[in-house]
Amino acid sequence: MKKLGYGVILFLYILGAASCEKDDICVEGNTPLMVIEFFDINNPDTPKNVPKLRVVGQGQTVTVNTSADRTDLNKITVPLKTAEDSTGFFLISNSASNEDGFEIGNIDTITFNYARLEEFKSRACGFIITYEDLNGSLQTDTDNWIKDIEIIRSEIINADSTHVKIFH
Amino acid sequence: MLRYSISFIVLLSVVSGFAQDKPIDTQPKDTVVYKQSYGIRVGLDLSRIIISSLDDNYTGLELVADYRLTEDLYIAAELGNENKTQQEDVYNFNTSGSYLKVGIDRNTYANWYGEQNLIFYGGRFGFSTFSNTLNNYQIFDNNRYWNPEGFATASETEEEFGGRTASWIEAVLGTKVELFPNIYLGASIRLGFLFTDAQDGRFPILFVPGFNKVTWDSKFGVGYNYSISYFLPLYKKNRKVKKIAAEGEEQ
(Lines give C-alpha, C1' and ligand atoms only; values in the text may rest on other atoms or scores of the structure.)
Protein backbone atom coordinates (compact mmCIF):
# COMPACT_ATOMS: atom_id res chain seq x y z
CA MET A 1 0.00 0.00 0.00
CA LYS A 2 2.96 2.28 0.58
CA LYS A 3 3.92 2.09 -3.09
CA LEU A 4 0.38 2.95 -4.09
CA GLY A 5 0.56 6.02 -1.85
CA TYR A 6 3.75 7.22 -3.57
CA GLY A 7 2.11 6.62 -6.94
CA VAL A 8 -0.88 8.76 -6.04
CA ILE A 9 1.35 11.59 -4.79
CA LEU A 10 3.42 11.49 -7.98
CA PHE A 11 0.25 11.42 -10.07
CA LEU A 12 -1.13 14.54 -8.38
CA TYR A 13 2.23 16.28 -8.60
CA ILE A 14 2.60 15.74 -12.35
CA LEU A 15 -1.01 16.77 -12.99
CA GLY A 16 -0.40 19.96 -11.02
CA ALA A 17 2.83 20.72 -12.83
CA ALA A 18 1.22 20.13 -16.21
CA SER A 19 -1.54 22.65 -15.60
CA CYS A 20 0.90 25.54 -15.15
CA GLU A 21 1.41 27.10 -18.55
CA LYS A 22 3.40 30.05 -19.71
CA ASP A 23 2.14 29.54 -23.23
CA ASP A 24 -0.92 31.75 -22.84
CA ILE A 25 0.75 35.17 -22.88
CA CYS A 26 2.68 36.53 -25.82
CA VAL A 27 6.05 37.88 -24.71
CA GLU A 28 8.28 36.62 -27.50
CA GLY A 29 7.59 39.22 -30.13
CA ASN A 30 5.45 41.83 -31.76
CA THR A 31 4.98 43.45 -35.13
CA PRO A 32 7.69 46.16 -35.08
CA LEU A 33 7.18 49.89 -35.46
CA MET A 34 9.16 52.00 -37.94
CA VAL A 35 11.60 54.57 -36.53
CA ILE A 36 12.03 57.93 -38.31
CA GLU A 37 14.68 60.47 -37.36
CA PHE A 38 14.83 64.07 -38.53
CA PHE A 39 18.10 65.73 -39.57
CA ASP A 40 19.24 69.12 -40.75
CA ILE A 41 19.45 69.32 -44.55
CA ASN A 42 22.42 71.70 -44.35
CA ASN A 43 24.22 69.61 -41.77
CA PRO A 44 23.20 65.98 -42.45
CA ASP A 45 24.77 64.56 -39.29
CA THR A 46 22.94 66.83 -36.88
CA PRO A 47 19.50 65.88 -35.60
CA LYS A 48 17.02 68.71 -35.98
CA ASN A 49 13.69 69.05 -34.25
CA VAL A 50 10.55 69.47 -36.30
CA PRO A 51 8.54 72.25 -34.64
CA LYS A 52 5.06 71.23 -33.48
CA LEU A 53 5.11 67.94 -35.37
CA ARG A 54 1.82 66.12 -35.93
CA VAL A 55 1.64 62.72 -37.64
CA VAL A 56 -1.60 61.37 -39.10
CA GLY A 57 -1.96 58.13 -41.03
CA GLN A 58 -3.44 58.46 -44.50
CA GLY A 59 -7.06 57.34 -44.23
CA GLN A 60 -7.21 57.93 -40.49
CA THR A 61 -8.86 60.78 -38.60
CA VAL A 62 -6.68 60.62 -35.50
CA THR A 63 -2.96 61.15 -34.95
CA VAL A 64 -0.66 58.16 -34.53
CA ASN A 65 -0.70 56.75 -31.02
CA THR A 66 3.05 56.17 -30.90
CA SER A 67 4.41 59.71 -30.74
CA ALA A 68 3.49 62.89 -28.93
CA ASP A 69 1.22 65.29 -30.78
CA ARG A 70 2.19 68.90 -31.71
CA THR A 71 5.54 68.58 -29.99
CA ASP A 72 9.06 69.50 -31.13
CA LEU A 73 10.58 66.13 -32.01
CA ASN A 74 13.58 64.75 -33.91
CA LYS A 75 12.62 61.10 -33.59
CA ILE A 76 9.26 59.36 -34.00
CA THR A 77 7.97 55.81 -34.31
CA VAL A 78 5.03 54.98 -36.54
CA PRO A 79 3.03 51.78 -37.10
CA LEU A 80 2.89 50.37 -40.61
CA LYS A 81 -0.16 48.56 -41.95
CA THR A 82 -0.02 44.79 -41.51
CA ALA A 83 -2.64 44.10 -44.17
CA GLU A 84 -1.29 46.23 -47.06
CA ASP A 85 2.08 46.73 -48.74
CA SER A 86 1.88 50.51 -48.51
CA THR A 87 1.26 53.00 -45.73
CA GLY A 88 0.94 56.78 -46.11
CA PHE A 89 1.48 59.44 -43.47
CA PHE A 90 0.74 63.16 -43.27
CA LEU A 91 3.65 64.80 -41.50
CA ILE A 92 2.60 68.26 -40.36
CA SER A 93 5.21 70.82 -39.36
CA ASN A 94 4.16 73.82 -37.22
CA SER A 95 0.83 72.12 -36.65
CA ALA A 96 -1.95 74.34 -35.34
CA SER A 97 -5.64 74.85 -35.88
CA ASN A 98 -7.46 78.04 -36.87
CA GLU A 99 -10.77 79.22 -35.36
CA ASP A 100 -12.76 76.83 -37.57
CA GLY A 101 -10.64 73.85 -36.52
CA PHE A 102 -8.77 73.55 -39.84
CA GLU A 103 -5.10 72.61 -39.93
CA ILE A 104 -2.89 75.56 -40.82
CA GLY A 105 0.50 73.80 -40.56
CA ASN A 106 2.63 72.66 -43.49
CA ILE A 107 1.35 69.21 -44.53
CA ASP A 108 3.73 66.89 -46.37
CA THR A 109 2.69 63.40 -47.48
CA ILE A 110 5.05 60.43 -47.46
CA THR A 111 4.13 56.98 -48.72
CA PHE A 112 6.15 54.00 -47.57
CA ASN A 113 6.19 50.86 -49.69
CA TYR A 114 7.48 47.53 -48.42
CA ALA A 115 7.16 43.78 -48.58
CA ARG A 116 5.61 41.96 -45.64
CA LEU A 117 6.99 38.72 -44.20
CA GLU A 118 4.92 36.56 -41.89
CA GLU A 119 6.80 34.93 -39.06
CA PHE A 120 5.44 32.49 -36.49
CA LYS A 121 6.84 33.80 -33.24
CA SER A 122 5.49 31.48 -30.59
CA ARG A 123 2.42 29.52 -29.57
CA ALA A 124 0.93 32.52 -27.77
CA CYS A 125 1.95 35.19 -30.29
CA GLY A 126 1.16 33.34 -33.49
CA PHE A 127 2.17 35.20 -36.62
CA ILE A 128 3.77 38.64 -36.62
CA ILE A 129 4.86 40.76 -39.58
CA THR A 130 8.35 41.94 -40.36
CA TYR A 131 8.99 44.27 -43.26
CA GLU A 132 11.62 44.35 -45.95
CA ASP A 133 12.45 46.25 -49.17
CA LEU A 134 11.35 49.47 -47.52
CA ASN A 135 11.26 52.63 -49.60
CA GLY A 136 9.61 55.99 -49.10
CA SER A 137 8.37 58.59 -51.55
CA LEU A 138 7.50 62.18 -50.85
CA GLN A 139 4.52 63.69 -52.60
CA THR A 140 5.70 67.01 -54.05
CA ASP A 141 3.63 70.08 -53.41
CA THR A 142 4.26 73.83 -53.68
CA ASP A 143 5.89 74.12 -50.29
CA ASN A 144 7.57 70.90 -49.05
CA TRP A 145 9.19 71.27 -45.66
CA ILE A 146 10.72 67.82 -46.14
CA LYS A 147 13.71 68.11 -48.46
CA ASP A 148 14.96 64.52 -48.65
CA ILE A 149 14.24 60.98 -47.46
CA GLU A 150 16.91 58.37 -46.89
CA ILE A 151 16.24 54.73 -46.04
CA ILE A 152 18.90 53.62 -43.57
CA ARG A 153 17.59 50.09 -43.04
CA SER A 154 15.32 48.46 -45.57
CA GLU A 155 14.41 45.68 -43.17
CA ILE A 156 12.22 46.38 -40.15
CA ILE A 157 12.52 43.60 -37.60
CA ASN A 158 12.55 45.71 -34.46
CA ALA A 159 12.21 49.31 -33.34
CA ASP A 160 15.65 49.52 -31.73
CA SER A 161 17.36 51.49 -34.48
CA THR A 162 16.46 54.12 -37.05
CA HIS A 163 15.06 52.96 -40.36
CA VAL A 164 14.38 56.26 -42.10
CA LYS A 165 16.16 59.61 -42.06
CA ILE A 166 14.21 62.68 -43.09
CA PHE A 167 16.12 65.86 -43.89
CA HIS A 168 14.52 69.26 -43.53
CA MET B 1 34.71 -12.55 19.01
CA LEU B 2 31.21 -13.13 20.37
CA ARG B 3 29.80 -13.25 16.82
CA TYR B 4 32.32 -15.85 15.76
CA SER B 5 31.55 -18.03 18.76
CA ILE B 6 27.83 -17.90 18.00
CA SER B 7 28.50 -18.77 14.34
CA PHE B 8 30.66 -21.65 15.50
CA ILE B 9 27.92 -22.98 17.79
CA VAL B 10 25.37 -22.71 14.97
CA LEU B 11 27.73 -24.57 12.67
CA LEU B 12 28.17 -27.26 15.25
CA SER B 13 24.41 -27.69 15.65
CA VAL B 14 24.03 -28.05 11.86
CA VAL B 15 26.76 -30.65 11.80
CA SER B 16 25.04 -32.53 14.62
CA GLY B 17 21.79 -32.31 12.61
CA PHE B 18 23.40 -34.23 9.73
CA ALA B 19 24.15 -36.99 12.15
CA GLN B 20 20.49 -37.92 12.31
CA ASP B 21 19.15 -40.50 9.86
CA LYS B 22 16.15 -38.45 8.88
CA PRO B 23 15.84 -34.75 9.54
CA ILE B 24 12.82 -33.83 11.60
CA ASP B 25 10.66 -31.59 9.44
CA THR B 26 8.64 -29.51 11.87
CA GLN B 27 7.20 -27.27 9.11
CA PRO B 28 6.41 -29.37 6.06
CA LYS B 29 6.37 -27.33 2.85
CA ASP B 30 3.13 -26.56 1.04
CA THR B 31 3.22 -28.76 -2.03
CA VAL B 32 0.30 -27.03 -3.82
CA VAL B 33 1.81 -25.11 -6.76
CA TYR B 34 0.17 -21.80 -7.61
CA LYS B 35 0.06 -21.28 -11.32
CA GLN B 36 -0.25 -17.84 -12.87
CA SER B 37 -1.94 -17.00 -16.14
CA TYR B 38 0.05 -15.68 -19.03
CA GLY B 39 -1.52 -14.14 -22.08
CA ILE B 40 -2.46 -11.08 -24.01
CA ARG B 41 -4.58 -8.19 -22.77
CA VAL B 42 -6.39 -5.93 -25.25
CA GLY B 43 -8.56 -2.92 -24.59
CA LEU B 44 -9.65 0.62 -25.33
CA ASP B 45 -8.85 4.00 -23.85
CA LEU B 46 -12.05 5.29 -22.26
CA SER B 47 -10.94 8.91 -21.87
CA ARG B 48 -10.48 9.45 -25.61
CA ILE B 49 -13.91 7.97 -26.32
CA ILE B 50 -15.58 10.13 -23.68
CA ILE B 51 -13.81 13.33 -24.77
CA SER B 52 -14.74 12.56 -28.39
CA SER B 53 -18.42 12.46 -27.46
CA LEU B 54 -18.26 15.64 -25.34
CA ASP B 55 -15.95 17.85 -27.39
CA ASP B 56 -16.98 18.77 -30.93
CA ASN B 57 -13.40 19.68 -31.82
CA TYR B 58 -11.90 16.32 -30.92
CA THR B 59 -12.20 12.75 -32.07
CA GLY B 60 -9.80 10.11 -30.88
CA LEU B 61 -9.48 6.40 -30.36
CA GLU B 62 -6.75 4.39 -28.71
CA LEU B 63 -6.28 0.63 -28.61
CA VAL B 64 -4.11 -0.70 -25.81
CA ALA B 65 -2.50 -4.11 -25.54
CA ASP B 66 0.07 -5.90 -23.46
CA TYR B 67 1.60 -9.36 -23.44
CA ARG B 68 3.01 -10.96 -20.32
CA LEU B 69 6.58 -12.08 -20.81
CA THR B 70 7.77 -13.08 -17.37
CA GLU B 71 6.68 -12.89 -13.74
CA ASP B 72 6.51 -9.09 -13.80
CA LEU B 73 7.54 -7.96 -17.28
CA TYR B 74 5.08 -7.06 -20.01
CA ILE B 75 5.44 -5.92 -23.61
CA ALA B 76 2.96 -3.08 -24.03
CA ALA B 77 1.71 -1.05 -26.97
CA GLU B 78 -0.80 1.64 -27.81
CA LEU B 79 -2.19 2.34 -31.26
CA GLY B 80 -4.33 5.39 -31.81
CA ASN B 81 -5.76 8.06 -34.03
CA GLU B 82 -6.57 11.64 -33.08
CA ASN B 83 -8.16 14.60 -34.82
CA LYS B 84 -8.14 17.85 -32.88
CA THR B 85 -9.04 21.41 -33.82
CA GLN B 86 -7.69 24.13 -31.54
CA GLN B 87 -8.58 27.80 -31.36
CA GLU B 88 -5.70 29.88 -30.08
CA ASP B 89 -5.83 33.66 -29.58
CA VAL B 90 -4.68 34.57 -33.08
CA TYR B 91 -5.02 31.37 -35.09
CA ASN B 92 -7.06 28.22 -35.49
CA PHE B 93 -5.52 24.92 -36.53
CA ASN B 94 -6.23 21.24 -36.83
CA THR B 95 -4.02 18.24 -36.18
CA SER B 96 -4.97 14.87 -37.59
CA GLY B 97 -2.98 11.67 -37.54
CA SER B 98 -2.12 8.27 -36.09
CA TYR B 99 0.41 7.00 -33.64
CA LEU B 100 1.99 3.85 -32.30
CA LYS B 101 3.74 3.43 -28.98
CA VAL B 102 5.69 0.28 -28.11
CA GLY B 103 7.55 -0.51 -24.92
CA ILE B 104 7.60 -2.46 -21.70
CA ASP B 105 5.82 -2.37 -18.35
CA ARG B 106 7.21 -3.75 -15.14
CA ASN B 107 4.81 -4.75 -12.41
CA THR B 108 5.83 -3.76 -8.90
CA TYR B 109 2.75 -4.95 -7.08
CA ALA B 110 3.15 -8.11 -5.01
CA ASN B 111 -0.22 -9.73 -5.49
CA TRP B 112 -1.90 -11.76 -2.78
CA TYR B 113 -2.93 -15.30 -3.62
CA GLY B 114 -5.33 -15.23 -6.55
CA GLU B 115 -4.86 -11.56 -7.36
CA GLN B 116 -3.59 -10.45 -10.76
CA ASN B 117 -3.42 -6.68 -10.39
CA LEU B 118 -0.67 -4.37 -11.57
CA ILE B 119 0.96 -1.22 -10.36
CA PHE B 120 3.56 -0.70 -12.99
CA TYR B 121 6.16 1.59 -14.40
CA GLY B 122 7.42 1.41 -17.91
CA GLY B 123 8.75 3.07 -21.00
CA ARG B 124 7.57 3.56 -24.54
CA PHE B 125 8.91 4.64 -27.88
CA GLY B 126 6.30 6.65 -29.72
CA PHE B 127 5.95 7.50 -33.38
CA SER B 128 3.29 9.56 -35.09
CA THR B 129 2.47 10.59 -38.63
CA PHE B 130 0.07 13.49 -38.96
CA SER B 131 -0.87 16.60 -40.84
CA ASN B 132 -1.65 20.14 -39.71
CA THR B 133 -4.19 22.46 -41.24
CA LEU B 134 -3.98 26.15 -40.47
CA ASN B 135 -7.63 27.16 -40.78
CA ASN B 136 -7.26 30.90 -40.25
CA TYR B 137 -4.94 33.34 -38.57
CA GLN B 138 -4.53 36.97 -37.66
CA ILE B 139 -1.40 39.04 -37.35
CA PHE B 140 -0.32 39.73 -33.81
CA ASP B 141 0.28 43.44 -33.36
CA ASN B 142 0.19 45.38 -30.10
CA ASN B 143 -0.45 48.64 -31.91
CA ARG B 144 -4.15 49.36 -32.46
CA TYR B 145 -3.76 52.39 -34.79
CA TRP B 146 -4.60 50.70 -38.10
CA ASN B 147 -6.81 47.98 -36.64
CA PRO B 148 -8.71 49.50 -33.71
CA GLU B 149 -11.10 46.55 -33.31
CA GLY B 150 -8.55 43.76 -33.11
CA PHE B 151 -5.88 41.86 -34.95
CA ALA B 152 -5.85 42.13 -38.73
CA THR B 153 -6.99 38.95 -40.42
CA ALA B 154 -4.22 37.58 -42.58
CA SER B 155 -5.85 34.51 -44.06
CA GLU B 156 -9.16 32.66 -43.97
CA THR B 157 -8.14 29.97 -46.45
CA GLU B 158 -7.00 26.61 -45.17
CA GLU B 159 -3.34 25.91 -45.49
CA GLU B 160 -2.19 22.33 -45.14
CA PHE B 161 1.11 21.07 -43.78
CA GLY B 162 1.08 17.38 -44.62
CA GLY B 163 3.40 14.45 -44.13
CA ARG B 164 4.61 15.45 -40.72
CA THR B 165 6.20 12.95 -38.35
CA ALA B 166 7.28 13.03 -34.74
CA SER B 167 8.95 10.56 -32.42
CA TRP B 168 9.39 10.55 -28.68
CA ILE B 169 10.06 8.45 -25.61
CA GLU B 170 7.70 8.20 -22.72
CA ALA B 171 7.87 7.22 -19.08
CA VAL B 172 4.71 5.51 -17.88
CA LEU B 173 3.27 5.06 -14.43
CA GLY B 174 0.01 3.23 -14.06
CA THR B 175 -2.20 0.59 -12.63
CA LYS B 176 -4.46 -2.19 -13.92
CA VAL B 177 -7.02 -3.67 -11.60
CA GLU B 178 -9.04 -6.82 -12.26
CA LEU B 179 -12.66 -5.73 -11.74
CA PHE B 180 -14.33 -8.90 -12.93
CA PRO B 181 -12.60 -12.11 -13.99
CA ASN B 182 -10.31 -11.16 -16.91
CA ILE B 183 -11.76 -7.62 -17.19
CA TYR B 184 -9.29 -4.94 -16.19
CA LEU B 185 -9.69 -1.23 -15.55
CA GLY B 186 -6.48 0.70 -16.02
CA ALA B 187 -5.13 4.19 -15.61
CA SER B 188 -1.77 5.61 -16.55
CA ILE B 189 0.07 8.91 -16.67
CA ARG B 190 2.86 9.59 -19.10
CA LEU B 191 5.75 11.99 -19.28
CA GLY B 192 7.07 12.31 -22.81
CA PHE B 193 10.28 13.67 -24.29
CA LEU B 194 9.99 14.72 -27.92
CA PHE B 195 12.89 14.04 -30.30
CA THR B 196 11.46 15.97 -33.22
CA ASP B 197 12.28 19.63 -33.71
CA ALA B 198 8.84 21.16 -33.30
CA GLN B 199 9.69 24.73 -34.26
CA ASP B 200 10.86 24.05 -37.77
CA GLY B 201 9.20 25.61 -40.78
CA ARG B 202 6.49 28.17 -41.35
CA PHE B 203 4.00 26.60 -38.96
CA PRO B 204 5.43 24.72 -35.97
CA ILE B 205 4.23 21.47 -34.46
CA LEU B 206 1.97 22.40 -31.55
CA PHE B 207 0.18 19.12 -31.02
CA VAL B 208 1.25 15.56 -31.78
CA PRO B 209 -1.29 12.74 -31.78
CA GLY B 210 -0.41 10.44 -28.88
CA PHE B 211 2.11 12.87 -27.40
CA ASN B 212 -0.42 15.65 -26.79
CA LYS B 213 0.39 19.32 -26.49
CA VAL B 214 3.86 20.43 -27.48
CA THR B 215 4.84 23.22 -25.11
CA TRP B 216 6.79 26.13 -26.56
CA ASP B 217 10.56 25.93 -25.99
CA SER B 218 10.16 22.63 -24.18
CA LYS B 219 10.65 19.03 -25.24
CA PHE B 220 8.44 17.61 -22.50
CA GLY B 221 4.79 16.67 -22.67
CA VAL B 222 2.28 14.88 -20.52
CA GLY B 223 -0.50 12.45 -21.28
CA TYR B 224 -2.79 9.94 -19.66
CA ASN B 225 -5.25 7.21 -20.43
CA TYR B 226 -8.00 5.24 -18.72
CA SER B 227 -8.35 1.85 -20.28
CA ILE B 228 -10.77 -1.01 -20.04
CA SER B 229 -9.29 -4.25 -21.29
CA TYR B 230 -9.88 -7.96 -21.56
CA PHE B 231 -7.24 -10.49 -20.57
CA LEU B 232 -7.03 -13.54 -22.80
CA PRO B 233 -5.16 -16.28 -20.91
CA LEU B 234 -3.00 -18.36 -23.23
CA TYR B 235 -1.06 -20.62 -20.85
CA LYS B 236 -0.21 -21.04 -17.18
CA LYS B 237 3.15 -21.08 -15.56
CA ASN B 238 4.36 -21.74 -12.03
CA ARG B 239 5.21 -18.85 -9.91
CA LYS B 240 8.94 -18.80 -9.37
CA VAL B 241 10.02 -20.57 -6.15
CA LYS B 242 12.83 -18.14 -5.62
CA LYS B 243 10.38 -15.29 -5.60
CA ILE B 244 8.21 -16.96 -2.97
CA ALA B 245 11.22 -17.46 -0.70
CA ALA B 246 12.23 -13.82 -1.12
CA GLU B 247 8.75 -12.60 -0.36
CA GLY B 248 8.55 -14.89 2.67
CA GLU B 249 11.56 -13.17 4.11
CA GLU B 250 10.15 -9.73 3.48
CA GLN B 251 6.91 -10.37 5.31
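The values are calculated or read from the model by the stated rules, or taken from the named source; none is laboratory data. All values reported here derive from a predicted model rather than from experimental measurement. A quick note on method: Cβ atoms are made from the backbone with ideal geometry, for glycine too, and the neighbour counts reach across all protein chains shown. For the accessible areas, the whole protein counts, side chains as well, though only heavy atoms, and no ligand, DNA or RNA atoms are used. Shrake-Rupley method; radii C 1.70, N 1.55, O 1.52, S 1.80 Å.
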What base-10 log of the normalised intensity I(q)/I(0) is obtained for the protein assembly as shown from the Debye formula, alpha carbons as equal point scatterers, at q = 0.06, 0.11 Å⁻¹?
-> -0.48, -0.91
Using a 1.4 angstrom probe and counting only protein chains, how large is the accessible area of A:E155 in Å², to 10?
-> 100 Å²
Residue-wise, which Karplus ³J(HN,Hα) couplings in Hz belong to region A:153-168, taking 6.51 cos²θ - 1.76 cosθ + 1.60, θ = phi - 60°, and x for glycine or proline?
-> 10, 8, 10, 10, 10, 7, 9, 7, 10, 6, 9, 10, 10, 10, 9, 8
Determine the per residue accessible area of region B:37-107 with all protein chains present and a 1.4 angstrom probe, expressed in square angstrom.
-> 42 Å²
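Once neighbouring chains are kept in place and the probe is 1.4 Å, which whole percent of the accessible area of chain A is contributed by carbon and sulfur?
On chain A, the fraction of accessible area on carbon and sulfur atoms equals 51 percent.
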If you roll a 1.4 Å probe over the heavy atoms of the protein chains, what accessible area per residue do you get for chain A, in Å²?
-> 53 Å²
Express in Å², to the nearest 10, the accessible area of B:L234 obtained by rolling a 1.4 Å probe over the protein heavy atoms while all chains stay in place.
-> 100 Å²
Find the relative contact order for region B:92-251 and round it to a whole percent, using C-alpha pairs within less than 8 Å whose residues are 6+ positions apart.
-> 21 percent
Just the accessible area per residue of region B:169-232, please: how many Å² with a 1.4 Å probe?
-> 43 Å²
For region A:28-168, the dipole about the Cα centre with charges only on Cβ (Lys and Arg +1, Asp and Glu -1), to the nearest 20 debye, works out at 300 debye
Mind jotting down the three principal axis lengths of chain A based on Cα atoms? Whole angstrom, largest first.
-> 91, 38, 30
Can you flag which of A:K48/A:K81; B:K101/B:K213; A:K121/B:K219 are past 23 Å Cα-Cα?
-> A:K48/A:K81
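At a temperature of 37 °C and a viscosity of 0.692 mPa s, determine how fast region B:83-164 diffuses translationally according to Stokes-Einstein, using the Kirkwood radius over alpha-carbon pairs as Rh; express D in µm²/s, rounded to the nearest whole number.
Result for D is 193 µm²/s.
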Net charge (Lys, Arg +1; Asp, Glu -1) of residues whose beta-carbon lies under 12 Å from that of B:A198, B:A198 excluded, is +1
How high is the relative contact order of chain A, in percent, with contacts defined as C-alpha pairs under 8 Å that are six or more residues apart?
-> 24 percent
Considering protein heavy atoms only and a 1.4 Å probe radius, which residues within region A:55-73 exhibit an accessible-area decrease of no less than 20 Å² in the full assembly relative to the chain by itself?
-> A:Q60, A:N65
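Sorted by accessible area with a 1.4 angstrom probe, largest first, how do B:Y109, B:Y58 fall?
Result, largest first: B:Y109, B:Y58.
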Protein-protein interface of region B:78-102, residues with accessible area decrease of at least 10 Å², isolated chain reference, 1.4 Å probe = B:E88, B:D89, B:V90, B:Y91
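Ignoring ligands, DNA and RNA, what percent of the accessible area of region B:144-241 is carbon or sulfur (1.4 Å)?
On the way: 3020 of 5070 Å².
Solvent-exposed carbon and sulfur of region B:144-241 make up 60 percent of the total.
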When the Cα atoms of region B:180-244 are enclosed in a convex hull and the volume is divided per residue, what value in Å³ results?
-> 168 Å³
Short version: which residues of region A:107-137 lose at least 40 Å² of accessible area, all chains versus chain alone, 1.4 Å probe?
-> A:E118, A:F120, A:R123, A:F127
By a straight-distance test (C-alpha under 12 Å), which aspartates and glutamates pair with B:K237 as possible cross-link partners, with residues fewer than eight away in the same chain excluded?
-> B:E71
What order, most packed first, do the peptides B:175-188, A:113-126 have when packing is the mean number of other Cβ atoms within 10 Å of each residue?
-> A:113-126, B:175-188
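Explain nothing, just the number: relative contact order of region B:37-79, from Cα pairs under 8 Å at least 6 residues apart, as a whole percent.
Relative contact order, region B:37-79: 37 percent.
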To the nearest 100 Å², how much accessible surface do chains B and A cover up together, summed over both, with a 1.4 Å probe?
-> 3200 Å²
Across peptide B:141-152, what mean number of C-beta atoms from other chains lies inside 10 Å of a residue's C-beta?
-> 6
